[in-house]
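The values are calculated or read from the model by the stated rules, or taken from the named source; none is laboratory data. Bear in mind the structure is a predicted one, so any value in this text is a computation, not a measurement. Neighbour counts are summed over all protein chains in view; Cβ atoms, including those assigned to glycine, are modelled from backbone coordinates with ideal geometry. Note: areas computed on protein heavy atoms with side chains; ligands, DNA, RNA excluded. Shrake-Rupley method; radii C 1.70, N 1.55, O 1.52, S 1.80 Å.
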Amino acid sequence: MFQKIHRTILHVSLAFVLTIALIFPCTDKAFAATDDSIPFVILSVYQKSIPIDGQFLLVAFTSNGKMPTFKSSKSSIASVNTYGVVTGKKSGTCTITAKIKRAEASCRVTVEKSVVTISDRRITMENGASLQLSATVSTGHDIKWRSSSSATVSVDETGLITAKKCGSATIRATADGVTATCKVTVKKPSLSLNQSQITLHPEDTFQLTANCSSTRPLKFRSSKSAVASVDESGLIIARKKGTAIITVSVDGVSRTCRVIVKQPLV
């Protein structure tokens, strides 16, 4: 880094000396400082845009040949060291001033706002499903992930999102104070049964089958287990004469099957 800076100083200095030599005839007193001379500072650049963490060398030529002092109007935006190396800190604009006695010159520095890009802006997914999001930032800095509702959709430090319950949440990818978002909707699953009504006799069995878009476990229950019971897989067992409603549900969506148990045939 310092070798590069030294080379830059050398190249700019040579160019400056050649320019001055062309403007002013070379005499013994061409560069002699006197009390009546007007001091001045000439900068290599007067306006510059850099990214966050970007750097450039601000070269200053002074009438007295001395190194000027450099100062930033807002070090939180762009700092400058003793040698004129300017470093972008955060987005914004500030002024870098090179100063000698009775003279100074300033360079307006703009630190560009970072650009964060996210792989998806809107996603719809089933409850229990997972999906990998990705994001990039123009500065190459690390991305921080956050969910507006972790109870609905969680996100880990790599951008992997997992649907927790039906609803919606906003996933935020942030770097350098800039945020890109993705709206995630966890939809209610589609659910259907192979039968809506069946007739059985005591001790008969029937396998109730549910077709569901969600991978979440289904819950079966009977309104009257003494008439017709059902296990966790949907197997119905008729117990005695009567009517029972078998309900299967998942994520707030439910379907029913009416079970009529008749007296056994004699």
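Which ones in region 119-171 are open to solvent by 40 Å² or more (accessible area, probe 1.4 Å), part of a strand (DSSP E or B), in contact (Cβ under 8 Å) with a residue 40 or more places away in the chain and closer than 26 Å to LEU218 by Cα?
THR124
Mind checking which residues of region 225-239 are open to solvent by 40 Å² or more (accessible area, probe 1.4 Å) and either part of a strand (DSSP E or B) or farther than 29 Å from LYS165 by Cα (or both)? First the steps, then the outcome.
Looking only at region 225-239, we keep the residues that are open to solvent by 40 Å² or more (accessible area, probe 1.4 Å), and these are 225-226, 231-233, 235, 237, 239.
If the condition is that a residue be open to solvent by 40 Å² or more (accessible area, probe 1.4 Å) and either part of a strand (DSSP E or B) or farther than 29 Å from LYS165 by Cα (or both), then SER225, ALA226, LEU235, ILE237, ARG239 are the ones that fit.
Inside region 1-90, counting only strands (runs of 3 or more DSSP E) that do not spill past its ends, which hold 2 or more residues that are modelled with pLDDT of 95 or more, more than 24 Å from GLY140 (Cα to Cα) and open to solvent by 70 Å² or more (accessible area, probe 1.4 Å)? Walk me through it before giving the result.
On the way: elements: 41-43, 47-50, 55-57, 60-62, 69-72, 78-80, 85-88.
Correct list: 69-72.
For the structure I just gave you, tell me whether SER106 is polar (S, T, N, Q), open to solvent by 20 Å² or more (accessible area, probe 1.4 Å), within 29 Å of ILE38 (Cβ to Cβ) and over 12 Å from the mean Cα position of the chain (by Cα). Full working, then the answer.
On the way: polar (S, T, N, Q): yes; open to solvent by 20 Å² or more (accessible area, probe 1.4 Å): yes; within 29 Å of ILE38 (Cβ to Cβ): yes; over 12 Å from the mean Cα position of the chain (by Cα): yes.
Judged against the criteria, SER106 is a match.
Out of GLY65, GLY92, GLY54, which single residue is out of contact with any strand residue (DSSP E or B) (no Cβ under 9 Å at 6 or more places or on another chain) and of a type outside the set (Lys, Arg)?
GLY65
Taking the criterion of being free of Cβ contacts under 8 Å to residues at least 60 places away in the same chain, assigned to a loop (DSSP other than H, G, I, E, B) and among the charged types (D, E, K, R), would at least one residue in region 95-115 satisfy it?
No: region 95-115 contains no residue that is free of Cβ contacts under 8 Å to residues at least 60 places away in the same chain, assigned to a loop (DSSP other than H, G, I, E, B) and among the charged types (D, E, K, R).
Which is at pLDDT below 95, surrounded by 16 or more Cβ atoms within 10 Å (Cβ to Cβ) and not hydrophobic (A, V, I, L, M, F, W, C), of SER214, SER190?
Just a single option satisfies the conditions, and that option is SER214.
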